[in-house]
Amino acid sequence: MTRFITLFLLIGLVSCNLYNSGSLEPESVTLQQSDPGSLVAQLIAASELTVATFIEDGRDKTDEFSGFRFDFRSDGTVIATRGEEIVSGTYRVFRDDGKTELSMWFPARFPFYELSDDWYFRSKDESRINFDDDDDRLVLEFL
């Protein structure tokens, strides 16, 4: 019986060490871990972002946002500008069911109403922040 308990504990310790090393950590856990405050700070610090990818219902609609610069502000507003054209919306970042989400709302004006959604944070690198919602995808790129 003592051998069984020792073997069981040894297997448990080895499994914990492998899991904590990251080698067996599920991708979804890694992608879900993001502090909402940190994401807000990154959006605000970026000062201007562009839509690098926008796919809705399987259709690439990225070109609809060509030339727009998005400015996320600390008061919860997001301003999209292209030349003299200005579109104002709101945003908030929060955690729900263990997932960090970016919720944006724009007026019912084409094409911005299509961005009005809750976007699940997926990843960030030096140049982009990736979000999705079901099969829809939004990638914001730092300028």
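Listed by position, the strands (runs of 3 or more DSSP E) inside region 52-105 whose residues that are small (G, A, S), at pLDDT 95 or above and out of contact with any Asp or Glu (no Cβ under 7 Å at 6 or more places or on another chain) number at least 2 are 85-96.
Assess whether E114 counts as being among the acidic types (D, E) and in a strand (DSSP E or B).
Taking the combined requirement at face value, the residue does not satisfy it.
Only residues that are closer than 27 Å to I86 by Cβ and over 9 Å from the mean Cα position of the chain (by Cα) were counted in region 96-125, giving 16. Scanning region 40-51 for residues that are surrounded by 16 or more Cβ atoms within 10 Å (Cβ to Cβ), over 14 Å from the mean Cα position of the chain (by Cα) and modelled with pLDDT under 95 yields a total of 1.
The values are calculated or read from the model by the stated rules, or taken from the named source; none is laboratory data. All values derive from a computational prediction rather than experimental measurement. Positions of Cβ are generated from backbone atoms using ideal geometry, with glycine treated the same way; all protein chains shown enter the neighbour counts.
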